[in-house]
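K.L.:
This is the structure I want to talk about, given as structure tokens.
The values are calculated or read from the model by the stated rules, or taken from the named source; none is laboratory data. Please read these numbers as outputs of a predicted model, since none were measured by experiment. Positions of Cβ are generated from backbone atoms using ideal geometry, with glycine treated the same way; all protein chains shown enter the neighbour counts.
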Amino acid sequence: MSEKNQNRTSPLPSAEDKARFVQEMFDSISPRYDLVNRVMTFKMDQSWRRFGVDSLNLQRGSKILDVACGTGDFVKILKKMNYEVVGIDFSIGMLSHANIDGLAQGDAMSMPFAEGSFDGLTCGFALRNFADLGIVFDEFSRVLRPGGRLCLVEVSRPTNGFIKFGHGLYFDRIVPRVGALLSSSEPYKYLPASTAYLPDEAKLRAMLLSSGFEGVNFKYFLGKSSQVITATRSAAL
Ligand SMILES: C[S@@+](CC[C@H](N)C(=O)[O-])C[C@H]1O[C@@H](n2cnc3c(N)ncnc32)[C@H](O)[C@@H]1O
């Protein structure tokens with residue numbers, strides 16, 4: 001980690017160091033990533049992924065790419081449903097804790113796949129971690145075939161007063177403590193703070209449209225504390 005990031009007071013890295021910071025952070029928390037995730041979300045993360053997979057509305061056997069696959073939660077669900085799956089992530093630590101075939105190390109900003117290689121693409125809880133979301137959305141569009149389906153699962157911030165207060169208490173105060181207790185402290189301060197990187201619905205929609213997607217749809221869960229975004233790769237670009 002750069003000296004600048006070691007000395008910073010914010011849980012967020014500097015812009016130029018974000019990719020390296022994120023990669024090293026996920027390497028370091030990979031051994032207990034699954035445990036902390038399940039505890040933090042009361043296992044609801046899996047139901048949001050399953051909802052996302054169903055929303056792809058693709059035939060069994062379709063070829064699906066899971067970007068930023070981490071320890072393979074999406075990949076395992078997709079394989080169980082008989083899809084042909086490839087997973088890609090840049091953290092060797094996360095990949096090494098997946099214990100499944102079909103995963104490879106790679107960067108979402110420049111993926112080693114030809115244009116139109118996939119019928120579907122999933123990406124879970126990674127949008128706020130990418131150094132440049134616009135470049136990543138362009139890559140998603142490039143590797144999907146025309147008519148291919150996209151599903152993004154992410155955290156979100158409630159906007160309703162009472163829910164917003166309760167969520168803030170849990171996500172900003174309790175989650176970092178649970179993370180510190182079960183895994184390590186700094187990464188679980190980054191997690192809630194990193195929602196600052198997430199564009200709002202209007203901006204995300206505009207970005208996806210400009211990357212060549214259509215039919216962009218947002219579905220929120222648990223008082224808007226998580227979101228599943230689906231879209232279709234336009235036939236004509
Ligand atoms: C919060 S984890 C989510 C893992 C998994 N998708 C899930 O649903 O549990 C974010 C993942 O994004 C990966 N990641 C972040 N930036 C990346 C990039 N540019 N290329 C590939 N993977 C990236 C990290 O290594 C990490 O595994």
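K.L.:
Output the number of the condition that C151 fails; it satisfies all remaining conditions of (1) part of a helix (DSSP H, G or I); (2) more than 20 Å from S28 (Cβ to Cβ).
P.N.:
(1) is the only condition that C151 fails.
K.L.:
Evaluate the following for S194: is it in contact with a helix residue (DSSP H, G or I) (Cβ under 8 Å, 6 or more places away or on another chain), hydroxyl-bearing (S, T, Y) and within 21 Å of P158 (Cα to Cα)?
P.N.:
Yes, satisfied.
K.L.:
Now for a separate question. Out of segment 184-204, which residues are under 20 Å from G134 (Cβ atoms) and in a loop (DSSP other than H, G, I, E, B)?
P.N.:
The answer is L198, P199, D200.
K.L.:
Can you tell me which residue among D119, D138, D107, D132 is over 20 Å from V216 (Cβ atoms), touching a residue at least 12 places away in the same chain (Cβ under 8 Å) and acidic (D, E)?
P.N.:
None of the other options fit; the residue is D107.
K.L.:
Residues in segment 184-200 that are acidic (D, E) and without any contact (Cβ under 8 Å) to a residue 24 or more places away in the chain: how many?
P.N.:
Kept after step one, since they are acidic (D, E), are these residues of segment 184-200: 186, 200.
If we keep only those that are without any contact (Cβ under 8 Å) to a residue 24 or more places away in the chain as well, we get 200.
Selection size over segment 184-200: 1.
K.L.:
Same structure again: Looking only at segment 30-72, which residues are more than 8 Å from the ligand (Cβ to nearest atom), of a type in the set (A, V, I, L, M, F, W, C) and surrounded by 18 or more Cβ atoms within 10 Å (Cβ to Cβ)?
P.N.:
V36, M40, W48, V53, L56, L58, I64, L65 - these are the residues of segment 30-72 that are more than 8 Å from the ligand (Cβ to nearest atom), of a type in the set (A, V, I, L, M, F, W, C) and surrounded by 18 or more Cβ atoms within 10 Å (Cβ to Cβ).
K.L.:
Quick one: is R157 within 16 Å of the ligand (Cβ to nearest atom), of a type in the set (K, R) and under 25 Å from V53 (Cα atoms)?
P.N.:
Answer is no for this residue.
K.L.:
May I ask you to verify whether F162 is within 16 Å of the ligand (Cβ to nearest atom) and either over 20 Å from D17 (Cα atoms) or crowded, with 20+ Cβ neighbours inside 10 Å (or both)?
P.N.:
no
K.L.:
Is it true that some residue in segment 205-218 is part of a helix (DSSP H, G or I), surrounded by 15 or more Cβ atoms within 10 Å (Cβ to Cβ) and touching a helix residue (DSSP H, G or I) at 6+ places or on another chain (Cβ under 8 Å)?
P.N.:
yes
K.L.:
Could you look through segment 12-29, keep only residues that are assigned to a helix (DSSP H, G or I) and among the hydrophobic types (A, V, I, L, M, F, W, C), and pick out the one that is farthest from the ligand (Cβ to nearest atom)?
P.N.:
Ranking the candidates gives A15 first.
K.L.:
L181 - would you say it is touching a helix residue (DSSP H, G or I) at 6+ places or on another chain (Cβ under 7 Å) and either within 14 Å of the ligand (Cβ to nearest atom) or part of a helix (DSSP H, G or I) (or both)?
P.N.:
So L181 fails the test.
K.L.:
Let me ask you something else. Somewhere in segment 130-141, is a residue more than 10 Å from the ligand (Cβ to nearest atom) and either at pLDDT below 95 or assigned to a strand (DSSP E or B) (or both)?
P.N.:
The answer is no, given that none of the residues of segment 130-141 is more than 10 Å from the ligand (Cβ to nearest atom) and either at pLDDT below 95 or assigned to a strand (DSSP E or B) (or both).
K.L.:
Turning to a different aspect of this structure: When you go through L95, L78 one by one, which is the residue that is farther than 18 Å from R233 by Cα, within 10 Å of the ligand (Cβ to nearest atom) and either of a type outside the set (V, I, T) or surrounded by fewer than 19 Cβ atoms within 10 Å (Cβ to Cβ) (or both)?
P.N.:
L95
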